[in-house]
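Asker: Following this message is one structure expressed as structure tokens.
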Amino acid sequence: MLRVLRSYGLLVALLVLGLVFALAAPGFATFGNVADMLRDLSIVGFMAIGETLVIIGGGIDLSIGSILVLAGILSDDLLRGMGWNPFLAVPLVLAICTLVGLANGIIVTWFRIPAFIVTLAGLYAIRGIALSLYRHDVTSVTNALISDPTFLVLGQGDLFGIPVSLLLFLVVFAAALALLQRTRFGLHLYAVGGNDLAARLSGIDVDRVRVVTYTLSGFCAGLSGVVLASRLQTGAPEAGLGAEFDVIGAVVIGGASLLGGSGTLGGTLVGTAFIIVLAKGQSLLGVPANYQSFARGAVILLAVVLDGLAQRRRLRTRVITRAASLREAGQPTAAAPLGQARGWR
Amino acid sequence: MAVSASLLEVVGLTKAFPGVQALEDVSFTINPGEVHALVGENGAGKSTLIKILAGVYQADAGEVRLGGSPVAIRSVHEAQQLGIAVIYQEPALVPALTVAENILLGREPGAGLPGLVDRQALLAEAQRLLDRLDSPLDPRARVGELGISWQQVVEIAKALSLDARLIIMDEPTAALTLQETQQLFQIVRELRAQGRSVLFISHALEEVFEIADRVTVLRDGRLVTTRNARELTRADLVRFMIGRAVDESASRARPVAGREVLRVQGLRRQGVLDNVSFTLHEGEILGIAGLVGSGRTELARALFGADPIDGGEIWLAGKRFAPRSPKDALRAGLGLVPEDRKREGLVEAFSTAANISLANFGFISRLLGWIDQTRERLLATRLIDRLAVQPSSPTWRVRNLSGGNQQKVVLARWLARNVKVLLVDEPTRGVDVGAKDEIYRLMDELARSGMAIMMISSYLPEILQMSDRILVMREGRIVLELSRQQASEERLMEAATGGVG
Amino acid sequence: MSHESATVEQPRAPAARRLAGRRLSLEAALAQYGLYLALLLLVILFGALSPAFLSVDNGLSVLRQVSTVGIMAVGEAFVILAGGIDVSVGSVVGLGGMVAGLALRDYGASPLVAAFLGLLAGLLVGLVNGLVISWLRVNPFITTLATLSGVRGIVYIISNQYDVRFPALDAFLYFGRGSVGPIPVQVVVLVLVVAIAWLLETRTTFGRAIHALGGNETAARLSGIAVERVRVATYAICGACAGLAGVLITAQIAIAVPYQGSGAELDVIAAVVVGGVALTGGVGSVLLAALGALFIGVLANGMALLDIPSIWQMVIKGVAILVAVGLYNIARTRRA
């Protein structure tokens, strides 16, 4: 029973939450709002994808919010301030963010400094650098916002009624999914996070895997920043404040363990949706911003506690089944149910 | 089983660690297609030998020859390349991945584009390997949800996929049930039929006779003998292992035990302890025997308040005793020397004195927790002297002590408290011979002075030598209770394993 | 039942063993005293490059700035030594100041009471952190991250999102602007806090328990130490220190702003880390944590006096932290 709850419980909770808000909050169950939430989902979702990879590998990236800001500000400067072509600006911005992620990864693996410290330092350093690069020299009213139509498609456009950012997110999601489930890298990533001794013994370059996750995380955060900038038409410096908490929360709610070695993109997706729905519903209900973060913090905390309890329950179950099998000499051990489900040979 | 060329030869292998000579001039041969048992007491050198073959340690002297030519095994990778696979008691597997993914970790079959994995091929290959072991294990099962015996199968399949010629197993049956052990042996026979060799360490002598072709006995780091299993009797083996006939063991005739100091009634904990009842008296050493996983350590921890219980009662000196934490147990006069002193017993960064005072805050501090450094030092020095801890400086960091001395420090902690009941879990595990003897003598002394000692040990000669009474546990239950006079290794082993073999 | 326990023992390089037990090996010595040395070098360097640096005025100004971070670093060191972490300190600093300000403005509290309430508020937050982490067994990082947001939210709520101007009672402002003789009050408080903390850490069983907890929690538990209680206490201390720091800052700027302390957690953790306290717990001391705060403060002050552009300041600060952690790591792995 508990196992079913764990796999689908989150989905159920999400649906229940959505239902509650649809009934209680004015304007929640409208097309416009759903489209808005999907756009929000895309933006947070990019970061969540990157963070999921990092966390599966046993690390953590706290600098994503700042990389998002960096991307936004760079986009603003290049497109609005210097009038660059988006086809040149966007790849450059993304490249820079990717390099920042790479730097994170190298510092963590090479210098063996805990990821928590490195990315926490990055959180402040990158934000500082980004803010100093922010030249909001508004020369006229028309110059106050990014207005390049090609660029604006990213955050504001629709394709057959579906937000472009969502489509983009789905593409990235699919790519990440393929990476995790169909490539060697994905398997090795779980190994590195789950039992890095086993990974090493199998000849996996643990450091390289970790560096890649941080690099991808940087890229994803950059993507978020670019799309957000497109949506807001400006490189908002206050954006992304606390984003890392929401994103990590979403990943943990989605079932990943902070110790590494477990977690799925599907879970992260549901976790992210959960956070988005919660945020949107609250603001439609008129909950003041500070109570919102309060409530969000409480929810994430609750999710982690429940996860902790469920994990301990699972460990106890393992002991029970092993001892039970000790008693039933003549019966295969508890692991057999898996084999049975798929058929003994 | 006669084969001309040997698979692996160990010649004159020697290895020393600070304070102890782990191996000295050990030489023996493993033939292809052979199941070879490595037997010996704790500390005889078996683990060291295996680690040298696995590439974890390097020998000080001697050589290893494969197929006649000397090889250097400088790393775990090199060992793997040479066809040596090691399966430890704690499987080196990734819980989140499936059986197939674990077996072929790092060598996944590719599919078209670089980096992609051909899942069909992966499953097929894993299935093929499992078939060769005749195992019903499903390659799609997630390793994290498997019991230990299945995880072992995965490790063996992995070894197979590396085409290991020699598969080394370190006490593989320690955590297995009877049924699972038989399944493992089936696989071992399969491996043998394929011309591979298996070298396994075991303490379960009847297993040795059941599955091994040849047996090598180590004692105190030296080779005693290598024989065909068929040529040996159990008594022979025991004699080789401990260097004396079992019934010649020094019996320290102790005065008859005194008053009852601990009574346990119907202790139970779901899945771990099943209706455990026994008594313990002053001046008595109660030996608790049984295989790993039989619930002995859990019993000690439950008595010490370290784990909760579901039911049952404990009486200490006639009064109800229901510890909710080790702190309660301490106050009631209990002490626990845990099974794994590195992980559970010592704070490695602390000095000897600080480790001793860890359970003696009341003594070293008078007012508000202020530590009286003189008292602390005096306490430490007194105990260091009594137990002959080497080096004798109280400020020496325990990290740098030998295993035997570390164990003494843990014991010292409880001696300082003058505990009434001492629970000792594996008193001489990983302890060199000299310190082992000292610890035995100490325990004898303590018992004579009136302390009640419950001694858990996986090492039957130790149980027989030290205990006044013996309990054997199996599957969380006490299955046998006898006095030392009535006991023998055979009877104890029979009871511990359920009587088969 | 791992293969480790069945082995005789782990090999150790004979030389290191000879030294490490008795005298300090070179690495250990560096780890202990390296910070003092670095600080000295830094002072010499800045003194040479900038004449204003070595003036008494500047010295006092640095000390004033460093004191509050130092006080927080001491509290944080307790938590980290015991194997935990508290990233909520920044918000608690805000809470402490805000509570004190509100007590003065809306409840006419006396300065001492207001200050005490601010400290108490911090202590309570610390207790909550500690209880959630110990009882509910939630990861300390997540818990205190949640508290970071939650408490900040509370600060905004109780202040109605406005700055709180309180009656400028001299007695209260004394906490932030006064001096005892030539020494600023904050510095005196810092010295007191460090002294008390140092005594607690090195001379009491509580301090011993904290180190044991950080070194090997299981061994501590099996030796009868009330592990949960000790842990909760460390978080309470950390919260109290942050609350105190908040009161001092508010007293200095004479206004309680809701965003006070934002981002302070990084400075605090940086100070602790530079001071050589290992994030894994069990290694380090509160004294060095305070010294770490001093080091970073001096570094920042020197750079400001030399007119180094702020981006570079941040980069240098970051590099200094990373280098410090890297060096400590090397020293530790070499020694182990």
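Asker: Evaluate the charge dipole of the protein assembly as shown about its Cα centre and quote only its size in Debye, nearest 20, assuming +1 on the Cβ of each Lys and Arg and -1 on the Cβ of each Asp and Glu. Write down the numbers at each step before the final one.
Answerer: Values: 104 positive and 94 negative charges, 346 e Å.
Once rounded to the nearest 20, the dipole reads 1660 debye.
Asker: While we're here: Could you work out Rg/(2.2 N^0.38 Å) for the protein assembly as shown, with Rg from alpha carbons only?
Answerer: For the protein assembly as shown, the normalised Cα radius of gyration comes out at 1.00.
Asker: Taking the Cα centre of each part, how many Å lie between the range C:265-336 and the range B:433-452?
Answerer: 50
Asker: For A:A13 and C:Y259, what is the calculated FRET efficiency with R₀ set at 45 Å and r taken between the beta-carbons, to the nearest 0.05?
Answerer: On the way: r = 33 Å, r/R0 = 0.74.
Result of the calculation: an efficiency of 0.85.
Asker: Considering the options C:I237, C:S285, C:L299, tell which one lies farthest towards the positive end of the dipole of the range C:214-336, charges being +1 on Lys and Arg and -1 on Asp and Glu at the Cβ, about the Cα centre.
Answerer: Value: C:S285.
Asker: Something else: Cβ neighbours within 10 Å, averaged per peptide: list B:334-344, B:481-491, A:62-72, C:322-332 in order, most packed at the top.
Answerer: On the way: B:334-344: 22.8, B:481-491: 15.3, A:62-72: 30.0, C:322-332: 18.1.
Sorting B:334-344, B:481-491, A:62-72, C:322-332 by mean packing, highest first, produces A:62-72, B:334-344, C:322-332, B:481-491.
Asker: Next question. Expressed as cubic angstrom per residue, what is the convex hull volume of the alpha carbon set of the range B:260-497?
Answerer: Working: hull volume 27.8 nm³, N = 238.
Looking at the range B:260-497, the number lands at 117 Å³ per residue.
Asker: Next up: Give me the lysines in straight-line cross-link reach of B:K158: C-alpha distance below 20 Å, same-chain residues under 8 apart excluded.
Answerer: Those lysines meeting the cut-off are B:K51.
Asker: From the residues C:Q65, B:V99, B:P308, which one has its Cα farthest along the dipole of the protein assembly as shown in the positive direction, the dipole being from +1 and -1 charges on Cβ of Lys/Arg and Asp/Glu about the Cα centre?
Answerer: Value computed over the given set: B:P308.
Asker: Hey, what does the equivalent ellipsoid look like for chain B, semi-axes from the Cα gyration tensor as sqrt of 5 times each eigenvalue, largest first, whole Å?
Answerer: Working: eigenvalues 346, 130, 122 Å².
Each semi-axis is √(5λ); the values are 42, 25, 25 Å.
Asker: So what's the gap between the Cα centers of the range A:237-292 and the range B:311-385, to the nearest angstrom?
Answerer: With the range A:237-292 and the range B:311-385 each reduced to a Cα centre, they are spaced 45 Å.
Asker: If you take the charge dipole of the protein assembly as shown about its Cα centre, with +1 on Lys and Arg Cβ and -1 on Asp and Glu Cβ, which of B:V71, C:I321, B:G283 is farthest toward its positive end?
Answerer: Of the listed residues, the answer is B:G283.
Asker: Calculate, in whole percent, how much of the Cα-Cα pair population of the range A:50-158 lies beyond 17 Å.
Answerer: On the way: 3432 of 5886 pairs.
For the range A:50-158, the fraction of Cα-Cα distances above 17 Å is 58 percent.
Asker: Moving on to the next point. Take the alpha-carbon positions of the range A:114-259, form their convex hull, and give its projected area averaged over all directions (one quarter of the hull surface) in nm². Mind showing how you got there, number by number?
Answerer: On the way: hull surface 44.7 nm².
Seen from a random direction, the Cα hull of the range A:114-259 projects 11.2 nm² on average.
Asker: Could you work out [θ]222 nm for chain C from helices alone, using -39500 (n - 2.57) per DSSP H run of at least four and dividing by all its residues? Round to the nearest 500 deg cm²/dmol.
Answerer: Value at 222 nm, helices only, nearest 500: -25000 deg cm²/dmol.
Asker: While we're looking at this one, here's another question. Placing unit charges on C-beta atoms (Lys and Arg positive, Asp and Glu negative, everything else neutral), compute the dipole magnitude of the range B:260-497 about its Cα centre in debye, rounded to 20. Let's see the in-between values first.
Answerer: Details: 33 positive and 30 negative charges, 184 e Å.
Dipole of the range B:260-497, to the nearest 20 debye: 880 debye.
Asker: Can you tally the net charge around B:T279? Count Lys and Arg as +1, Asp and Glu as -1, for every other residue whose Cβ sits under 13 Å from the Cβ of B:T279.
Answerer: Working: positive: B:R259, B:R263, B:R469; negative: B:E260, B:E282, B:E284, B:E313, B:D468, B:E481.
Computed value for this residue: -3.
Asker: With springs only between Cα atoms under 10 Å apart, run a GNM on chain C and tell me which of C:A171, C:A240, C:A254 wobbles the most.
Answerer: Of C:A171, C:A240, C:A254, the Gaussian network model singles out C:A171 as fluctuating most.
Asker: What's the center-to-center distance, using Cα atoms, between the range B:32-70 and the range B:88-145 in Å?
Answerer: Each part's Cα centre sits 29 Å from the other's.
Asker: Going by average Cβ neighbours within 10 Å, how do the peptides C:61-67, C:209-215, B:317-323, C:148-154 rank, with the highest at the top?
Answerer: Most protected by this proxy first, the peptides run C:209-215, C:148-154, C:61-67, B:317-323.
Asker: Another question about this same structure. Output the Cα-based Rg and Dmax of chain C in Å, rounding Rg to one decimal and Dmax to a whole number.
Answerer: In Å, with Rg to one decimal and Dmax whole: 20.9, 71.
Asker: Going 7 Å from the Cα of C:V180 along its beta-carbon direction, which residues of the range C:122-138 have the amide nitrogen within less than 16 Å of the resulting point?
Answerer: Output list for this probe position: empty.
Asker: First check a/c for the range B:63-196, with a ≥ b ≥ c the square roots of the eigenvalues of its C-alpha gyration tensor; if it is under 1.5, answer rounded, and if not, answer prolate when a/b is larger than b/c or oblate otherwise. Could the numbers behind the result be given before it?
Answerer: Numbers: a/c = 1.70, a/b = 1.10, b/c = 1.54.
Oblate is the answer for the range B:63-196, as a/c is 1.5 or above yet b/c matches or exceeds a/b.
Asker: Can you give the helix-only mean residue ellipticity at 222 nm for chain B, where every DSSP H stretch with n ≥ 4 adds -39500 (n - 2.57) and the sum goes over all residues, rounded to the nearest 500 deg cm²/dmol? Don't skip to the answer; put the middle values down first.
Answerer: On the way: 17 runs with 164 residues, N = 501.
Estimated from H runs of four or more residues: -9500 deg cm²/dmol.
Asker: Note down the magnitude of the dipole of chain B about its Cα centre, charges +1 on Lys and Arg C-beta and -1 on Asp and Glu C-beta and zero elsewhere, to the nearest 20 debye.
Answerer: Numbers: 60 positive and 62 negative charges, 332 e Å.
Dipole of chain B, to the nearest 20 debye: 1600 debye.
Asker: Moving on. In Å and whole numbers, how far do the C-alpha atoms of the range B:92-162 stretch along each principal axis, longest first?
Answerer: 37, 24, 18
Asker: Give me the mean projected area, in nm² to one decimal, of the convex hull enclosing the Cα positions of the range B:270-330. Walk me through the numbers on the way to the answer.
Answerer: Values: hull surface 18.2 nm².
Projected over every direction and averaged, the Cα hull of the range B:270-330 covers 4.6 nm².
Asker: Could you check which residue among C:T250, C:T234, C:T205 shows the biggest mean-square fluctuation in a GNM of chain C with a 10 Å Cα cutoff?
Answerer: Largest GNM mean-square fluctuation: C:T205.
Asker: For the range B:410-460, taking Cα atoms only, what is the radius of gyration to one decimal and the Dmax to the nearest whole Å?
Answerer: 10.7, 29
Asker: Cut-off 10 angstrom, C-alpha nodes, Gaussian network model of chain C. Which of C:R208, C:R105, C:R137 fluctuates the most?
Answerer: Of C:R208, C:R105, C:R137, the Gaussian network model singles out C:R137 as fluctuating most.
Bear in mind that the values in this text are calculations on the coordinates, not laboratory data. Fair warning: this is a prediction, and the values are worked out from it, not measured in the lab. Cβ: placed from backbone, ideal geometry, glycine included. Neighbour counts: every protein chain shown.
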